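Data first, discussion second: the structure below is written as structure tokens.
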Amino acid sequence: MADISMATQPEKDAFFFHSRPSLLKRMSGQKQLILMSLPVLAYVLLFSYYPIWGWSMAFQDYTPIKDFTEQTWVGFKHFKFLFSDSVFLTVLRNTLAMSFINMMLGFVTSIILALLLNEVKVKWFKRSIQTISYLPHFLSWIIVTGIVANVLTVDNGILNVVLMKLGFIDEPIMWLSNPKYFWAIVGASHVWKDLGWGTIIYLAAITSIDPSLYEAADIDGANRYQKMWNITLPGIKSIIVILLIMNLGWILNAGFEVQYLLGNGVVVDWSQTIDIFVLKYGLQVGNYSLATAAGIFKTVVSIVMIAGANAISKRLGEERLV
Amino acid sequence: MRTNKYQLEPVVFQTFNIMFMILIAVVTLYPFLNTIAISLNAGNDTIRGGIYLWPRVWTDQNYRAVFAGGTLLHAFWISVARTVLHTVLALFVTSMLAYSLSRKEYVFRKPMTIIVIMTMYFSAGLIPHYFLIRDLHLVNSFLVYIIPGLVSAYNMIIIRTYIQTLPEGLIESAKIDGAGDFRTFMSIILPLCQPVLATVALFVAVSQWNSWFDTFLYASSKQELSTLQYELMKLLSSSMNLNSSSAVTNGGSAMEGTHEVVTPASIRAAITIVASVPIIIVYPFLQKYFVHGMQLGSVKE
Amino acid sequence: MARLKFLGSGLLVLALSLALVGCNGNDNGADKQGSVSGNSGGEVSGKLEPITISAFIKSANQQPTADNRIYKKIKDELGVTLKMEFLVGDLQQKLGVMIAGGDYPDIITGDTKLVGAKAVIPLEDLIEQHAPNLKKHYEKSWNRMKDSSDGHIYWLPNTGVFTGEVTATTHSGPAFWIQKEVLKEAGYPKLKTLDDYLKLIRDYAVKHPEIDGQPTIPFTTFASESKMFPLVNAPEHLAGYPNDGNVIVDNGVATVFSDKEISKRYYKELNTLYNEGLLDKEAFVQNYDQYLAKLSSGRVLGMFDQQWNFSKATEALVAQNKGNRTYVGIPLVYDSNIKDYYRDRSVANLNNGFGITKDAKDPVRIIKFLDTLITEDWQKLLNWGEKDIDYKVDENGLFYRTQEQREQQADPTWKLANKAEAFLAQAPKWEGTYSDGNASSPGGQPGEFYEVLKPWDKEVLDAYGYKSWTEFFSPAPENPVYYPAWQISLLDGSPAAIANKQMNDASLKFLPKVIMSKQDQFESTWNEYVNAFKKINVKAYEDRINEQIQWRIENWTNK
């Protein structure tokens, strides 16, 4: 019934009005869906897409002093500054590494905690643990890093004291002045702060698992770990995959606060991220153009990442974003 | 032997599990208790460090300083109003979109999904956004808290993913009964989505409650629209400012032992507690919607 | 069958909150109307039509209470209601948005960006015609206040304009600091050179490896992106130069010194200290809180810093009854033939203070208002407060405060209702003395200074035969014309601004390496640092400073 050449991508072609009669017919049957989504789409276009004209700043020496029409156009100057700076590669490496570590640690620890919480049968206890574990999310990074710095200090820092008492080390370790520990410290701080917060979404997903599956497994004599592995985990797999794909899009967003607050001159080659670089040489010196150029670069990387992840997921037959 | 192991395992597992949970609780409760302790400790003593779980020099000075301005109560209600209104609206709009985009037969599903998802990965920048808000006449208006940011692609995807795990048969049977998409959405999907809606509500509410930047940009010159977070940010900035410059202008006053009892660290602690306690209690309240499989059973009847 | 409980309860809350917002909104409206009508009703003459002046203030402050005593007086007597907005968050961001939006309050605190955006209006004619008091106040600074881009005056400097005698009793600027206890044990020697100072510290540290049960930290330093000066400014002072920030100026020519010999000598000393185990190991890792905590523990014998940067630690020491562990500032130099130049004469705080924006409805009224406030009586009210309520006058006409009044002044809550601090900090003001000999503000009043001096302070001062902390320093000579170079603004995004950032980055990264290197590797790590500087466009930075110095010399000398 449909053109063979178009059969490979039916949806896309439908959108481009190639098969007009069938599209119109399908649309008329979906009036309510259209009414439910089109106004929202218009909203998104207005609030998110329309302001993109601001990206032209990346190609100007933008200054708020002048009107948009009076700005000086400079082509790719700011992109060149960004990519040609000698620290750019270092900064890119740090961003990717910390982002990846934080993401993986975050996923694994949150999922494990969600699975274990799900095994707690005493309701009040489970709820209390849930609530307590999400508390650090409400503390600002400056408070959390303050505590981290005190835990790690050479002078009576609790970590050094414990390690020395246990005999693992003979003299205190200078955790924050050794570059090789920095990424791990940032990763651990993230886990500490957002472990409980991260589990919420998985706990919600677990509720959608059909209880009859567990009953059937019980009858088959499955043990706890088999049930976790064969029922609970597959039950929340779709949300895990979706979150993973979405998060891969943010691979260049390793943040700046933690690194800024915990970092110091000694470890700067391992602590500085793209965001810190842009903050310093962009926003702090009033250079909005550089910040915009960096934003465009990050967007391009994001699109490549999610498109790739989405395609891989599709090939593996997993849940996908689009 | 086999039966023995069978009986022993749950006990061992539960014991270890509970111990592990207690460990998690201790580790995650500590920073919060520490913050409370600092908020109740005298500022010029906190500087010495070494405050853990219990204040060394008790004081209510930090909290008194937080409430001294007299603007907090009104700002608190603005915060509550913006959080509740925005959350309810955002939840409705986002889940409606999520439902539409979960329908495999929907003709615009794919392009719309792509358009919405993309919004997560770019930002136009501060200044174009400011122009948009200004041109919409939202500057210095309460609506600036409600209207922008209603549709979050992230939350939409989470709800959509949840809807997709629901049995397709439910929706089809509703359609067969003559329900249109909107009615199906309102009467079948929404109630079934309680756990995920509660989750997203929490996400939206927390970010609304915590935001101060929109007040800073769009409503800073109108005190009536100030939010709790913004008032507290003001306070925090002013205490930091005090720390860095007042001594320069006040020459000798730094020698006085009684000078400035409130320090940034202690005021920050008090602010954190005042700002976070109201929103923290939302979660235990929402937890009752995290009930296992309950809804499916009820609809099947 | 369907349950909409969740949504339903949400809607209920929504309705409730709507009602609440409504109520609050109404309350406010009513309040406002009441006050406005009350005002216009009380007004008689057309000359003092009540107006509201809106102001944006670039420092973060707390909003004063609605019934603040001083602001109320201003309103009652001058008919001016001040509507102030204070900075929250990042200033550059705020100004960027404000400029892009083109919407300004009536008056705004100084920033060169605003001049470029033509957001503020020239003030010289307004002052000449309507503000005789301001004209007199700024007489000596008049030429300096002119903008280097077009020669107009846009800002009314808030500090550094002196009248009468300057009565400085404490030194709040840079110095090498040493614990009073260390001086006492050595019998209060006179310290002149860095060597004298380090010897004293070494001797004390050897004799007292622990203080209050914790290891002694003989010397520490501090460096962070926002506060570089404790680490990088010391060399210029040791070499006898004044505080010009990143440069030293010889014959009107500025040179960056961080990578030069005068700096190397200081870092070599620190390197030696480090290898002897006498420099705080965590000096470059600690955050500001940890730095203050260390000083407050009383076990740090000395450091280079500006007094205001660690005054909190001093307060904490006093509160713990460890006054003997508080610090005395010493103006050290490399060699005894160098004259110390730590103290300088204050200069008008250029590009700061209020300017009037192009959106101001009545610039004449605003300048007249500021002109009234600079008169002596109003200055006394703003700085000291009201007689008998905030201060007392003794039989010789000297102002003083009772203990109770002093305590009030330290209470932040009380201040919000009884002082106009936030406005005064930015407004034109007197510094020095009034015509009756009283100090312009309580901190400078000699009586007030001795009153709060503790026994251990008196002991130190008596031992040296001094009456105030400033006597440890050579008196400030007349400033060079261009002084100070650190005040020169770098244009946003210019090569000079970028070079400045890069120099800071290089210092933060390499100086710790240099100082913590093994002694035989000092030279090679120092060369790494120098090479890092070579890759930076330091010349762009120096050129900007020099160009401005030249401009200043040309335009400021013929005063």
Total charge dipole magnitude, chain A, about the Cα centre, Cβ charges on Lys, Arg, Asp, Glu only, Debye to nearest 20: 620 debye
Residues B:His137, C:His208, sorted so that the one with the fewest Cβ neighbours within 10 Å comes first: B:His137, C:His208
Residue among C:Tyr188, C:Val253, C:Leu198 farthest towards the positive dipole end of segment C:183-274, charges placed on Cβ: C:Tyr188
Relative exposure of C:Ile553, B:Ile127, judged by other C-beta atoms within 10 Å (fewest first): C:Ile553, B:Ile127
Cα centre as origin, Lys/Arg/Asp/Glu Cβ charges: segment C:179-236 dipole, Debye: 200 debye
Packing-based exposure ordering (other Cβ within 10 Å, fewest first) of C:Arg299, B:Arg82, C:Arg345: C:Arg345, C:Arg299, B:Arg82
Charge dipole (debye, nearest 20) of the protein assembly as shown; +1 at Cβ of Lys and Arg, -1 at Cβ of Asp and Glu: 3380 debye
Listed residues B:Val291, C:Leu123, B:Thr71: farthest to the positive end of the dipole of the protein assembly as shown (Cβ charges): B:Val291
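Taking beta carbons within 10 Å but only from partner chains, what does the mean come to for residues A:267-277?
1
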Chain A - mean residue ellipticity at 222 nm from DSSP helices (-39,500 (n - 2.57) per run, n ≥ 4, rounded to 500): -19500 deg cm²/dmol
Angle in degrees between helix B:126-135 and the longest Cα principal axis of chain B, rounded to the nearest 10: 70 degrees
Calculated FRET efficiency for the pair B:Arg64/A:Ala184, C-beta based, R₀ 30 Å, to 0.05: 0.15
Kyte-Doolittle mean at least -0.5, axial Cα span of 24 Å or more - DSSP H helices of chain C: C:5-42, C:495-515
For the protein assembly as shown, share of DSSP beta bridges that run antiparallel, in % to the nearest 5: 60 percent
Loop-located trypsin sites (Lys or Arg not before Pro) in segment B:99-197 whose Cβ has at most 13 other Cβ within 10 Å (DSSP): B:Lys104
Between 0 and 90°, nearest 10: helix B:153-165 axis offset from chain B longest Cα axis: 40 degrees
Principal-axis tilt of helix B:264-280 within chain B, Cα atoms, nearest 10 degrees: 30 degrees
GluC sites (Glu not before Pro) lying in DSSP loop within segment C:416-505, provided at most 10 other Cβ fall within 10 Å: C:Glu478
Given charges at Cβ of Lys, Arg, Asp, Glu: chain A dipole, positive-most of A:Gly286, A:His190, A:Met228: A:Met228
HN-Hα J in Hz across segment A:108-115 - Karplus 6.51, -1.76, 1.60, θ = phi - 60°, x for Gly and Pro: 4, 5, 5, 5, 4, 4, 4, 5
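All of the numbers you see were taken from the coordinates with simple rules; none came from a lab. The structure presented is a predicted model; accordingly, all values stated were derived computationally and were not measured. Methodologically, a virtual Cβ is constructed for each residue, glycine included, from the backbone with ideal geometry; neighbour enumeration extends over all protein chains shown.
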